[in-house]
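Here is the structure we will look at.
The values are calculated or read from the model by the stated rules, or taken from the named source; none is laboratory data. In this text the structure is predicted, and so the values were computed from the model without any measurement. Virtual Cβ from ideal backbone geometry, glycine too; neighbours counted across all protein chains shown. Ligands, DNA and RNA are excluded from the accessible area calculation, which covers all protein heavy atoms including side chains. Shrake-Rupley method; radii C 1.70, N 1.55, O 1.52, S 1.80 Å.
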Amino acid sequence: MSGTFMGMPAFPAAAREAVADTALRGNLRHATRTIRARRARAVAELPDWAELREAGRRIKDHTLRHLDTYLVQLEEAVTAAGGVVHWAADADEANRIVTGLVKATGEREVVKVKSMTTQEIGLNEALEAEGIRAYETDLAELIVQLGRDRPSHILVPAIHRNRGEIRDIFRSEMGAWGRPAPEGLTDAPAELAEAARLHLREKFLRAKVGISGANFMVAETGTLVVVESEGNGRMCLTLPETLVSVVGIEKVVPAWRDLGVFLQTLPRSSTAERMNPYTSMWTGTTEKDGPRAFHLVLLDNGRTDTLADEVGRQALRCIRCSACLNVCPVYERAGGHAYGSVYPGPIGAILSPQLRGTASEIDASLPYASSLCGACYDVCPVAIDIPEVLVHLRERVVEGGTVTRGGDKVVLKPAKGHAAERAAMRAARWALVRPGVLRTGQRLASRTRRLHPRTLPGPGRAWSAARELPRVPAESFRDWWQRTDGGKKETE
């Protein structure tokens, strides 16, 4: 995976700095709570939401089990429709393919839409190194690009910015990228949207090359699907002469009928709408309609390695709705930048360490960026058990073990800084498999409970500073059970 966000401190350090930013916390609190409430109302309208959620999970799991078959079927269908399919094992290969395709057209600028996958591989930087300028056309992505910033949310990349900040960015930066902001621009949403529309319109009309991602790819027909709310996607997908789509291999679905499930669950979970205002679909090329050349770059970049993990592979079900971010108490306070990845929030905490590995300080810390409250699992429209994967990855960080990297089995060493945790867990395991030792320990803890401290010493002080330590009961459950014959003597 690209190192675009690497070099950042571990999540605890980055989160500590973010939490101290009161303006950031205010922006995040207002935005996430608003989206969360709207989503809850939209989901409540469907009496069969649980069934749709289960259907989405099953479709994704079936596809992942037979991913090789459906990807070959997709390639055949795209090729038959006049498109060209390229396979990219990693970020470097994907960037070489895309930059080569753009350079072959002779163009020096491109317009982009639905570009989270291209952010993952650092495509903008790769294009810039070759003298090619990429223009983001999604409003939030435009704000991030003009502000020389990084995205902090899957659905709303500029969620950490308020209207005043956006107005200032437009006033100071738009002119360097094209049409400047109108004189006297205020922070009224309608004025900001109009400034962006005028700025982008000239780029849509001038660009000869478009670069996109996709929400779904239909193996049955070779059709790609983009859902969006602004219309910029429709412009990027139809006006350029050449269209290059960079899509993760996990985005494939077997057939058209499968889209019926996701086109109900995705908009309600993301934008809290019954359906997206713009749902664009294209299949190869068509004479005198749309781009003359279509290239599909299928990106692996750690996905087949993730697929090899029986517990962690469920992260590949993700349809990028961002519902888990909007309910996460950690994300609401720390924001997206602290995750050091284009994929922030709970899904990023399990996806990034699998795509990139856990060798870096930031990736080794991400599985701990959660309270394990389970809210993310409750709202996920494809039932990804994020807490289960987080615990699984924590075990990997602490204990090491065998994982798949680049298609090969490798043995990871335990991460540094977890020696005490490993020792504590091994001691607990030793005691838990020896009933006599466990019973003695429980009785000793009960009899000395008046001497127990109210706070933990050393590193545990930070944990107990915000919580009361649970009191040890006067007797263990085992002793109570024996004394009362399973509670029978207390009811007589």
Check your understanding: So what J values fall out for the stretch 78-88 if you push phi through Karplus, 6.51 cos²θ - 1.76 cosθ + 1.60 with θ = phi - 60°, rounded to Hz, Gly and Pro as x?
Key -> 5, 5, 5, 8, x, x, 10, 9, 10, 10, 10
Review point. Once phi is turned into θ = phi - 60°, what whole-Hz ³J(HN,Hα) does the Karplus curve with 6.51, -1.76 and 1.60 give for every residue of the stretch 144-155, x standing for Gly and Pro?
Key: 5, 5, 5, x, 6, 10, 10, x, 10, 8, 5, 8
Point to revise | Those Cys residues of the chain for which no other cysteine Cβ falls under 4.7 Å | key: Cys236, Cys318, Cys321, Cys328, Cys373, Cys380
Revision key, fill the gap. Placing each pseudo-label 7 Å from Cα in the direction of the beta carbon, Asp378 and Asp92 end up separated by a distance in nanometres of 4.5
Study note, to complete from the structure: Checked against the structure, the computed mean projected area of the Cα convex hull in nm² among [x] 27.7; [y] 30.0; [z] 33.8 is the one labelled [x]
Review point. Once you put a point 7 Å from the Cα of Arg206 and another 7 Å from the Cα of Ala462, both along the Cβ direction, what distance in nm separates them?
Key: 4.9
Exercise for review: Pop out the ³J(HN,Hα) list for the stretch 157-169 in order, Karplus 6.51 cos²θ - 1.76 cosθ + 1.60 with θ = phi - 60°, rounded to Hz; leave Gly and Pro as x.
Suggested key: x, 9, 4, 7, 9, 9, 4, x, 5, 5, 4, 5, 5
**Study point:** Residues of the stretch 140-162 with amide N under 14 Å of the 7 Å Cα→Cβ point at Arg274
**Key:** none
Review point. Roughly what angle does helix 386-399 make with the longest principal axis of the chain, taking Cα atoms, 0 to 90 degrees, to the nearest 10?
Key: 70
Check your understanding: In Å², what does the accessible area per residue of the stretch 258-377 work out to with a 1.4 Å probe?
Key -> 31
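If each residue of separation counts as 0.36 nm, what is the full-extension length gain between Arg65 and Ala13 once their alpha-carbon separation is subtracted?
Numbers: separation 52, 0.36 × 52 = 18.72 nm, distance 3.82 nm.
In short, 14.9 nm is gained.
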Check your understanding: Does anyone have the angle between helix 435-447 and the longest principal axis of the chain? Alpha-carbon axes, 0 to 90°, nearest 10?
Key -> 80
Exercise for review: Could you rank the peptides 283-290, 91-98 by their average count of other C-beta atoms within 10 Å per residue, with the highest value first?
Suggested key: 91-98, 283-290
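Taking all protein chains as present, what is the carbon and sulfur share of the accessible area of the stretch 1-158, in % to the nearest whole number, probe 1.4 Å? Mind showing how you got there, number by number?
Details: 3820 of 7400 Å².
After summing per-atom areas, the C and S share lands at 52 percent.
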Point to revise | Gain on full stretching of the segment that runs from Glu128 to Glu76 - 0.36 nm per residue minus C-alpha separation | key: 15.5 nm
Check your understanding: In nm, to one decimal, how far is the modelled label at Thr404 from the one at Asn162, with both set 7 Å along Cα→Cβ?
Key -> 4.8
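Select from the stretch 125-177 those GluC sites (Glu not before Pro) which occupy a DSSP coil region and have at most 15 other Cβ atoms within 10 Å, ordered by residue number.
Here the GluC sites (Glu not before Pro) that fit, given the DSSP loop and packing criteria, are Glu130.
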Review point. Want the number for Leu444 to Glu51: 0.36 nm per residue separation, take away the alpha-carbon distance, what's left?
Key: 136.5 nm
Review point. If amide H atoms are built 1.01 Å from N in the plane of the peptide, which residues on other chains or at least 5 residues away come under 5 Å of the amide H of Thr137?
Key: Lys112
Check your understanding: For Thr238 and Leu412, what is the calculated FRET efficiency with R₀ set at 60 Å and r taken between the beta-carbons, to the nearest 0.05?
Key -> 0.80
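Would you compute, from DSSP H runs of 4+ residues alone, the mean residue ellipticity of the chain at 222 nm, taking -39500 (n - 2.57) per run and dividing by the full residue count, rounded to the nearest 500? Please report the intermediate quantities before stating the final value.
On the way: 24 runs with 249 residues, N = 492.
That calculation yields -15000 deg cm²/dmol at 222 nm.
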Review point. What's the angle, to the nearest 10 degrees (0 to 90), between helix 256-270's Cα axis and the longest principal axis of the chain?
Key: 70
Exercise for review: Taking amide H positions as placed in the peptide plane 1.01 Å from N, state which residues far from Val253 in sequence (5 or more) or on other chains have amide H under 5 Å from it.
Suggested key: Met217, Val218, Ala219
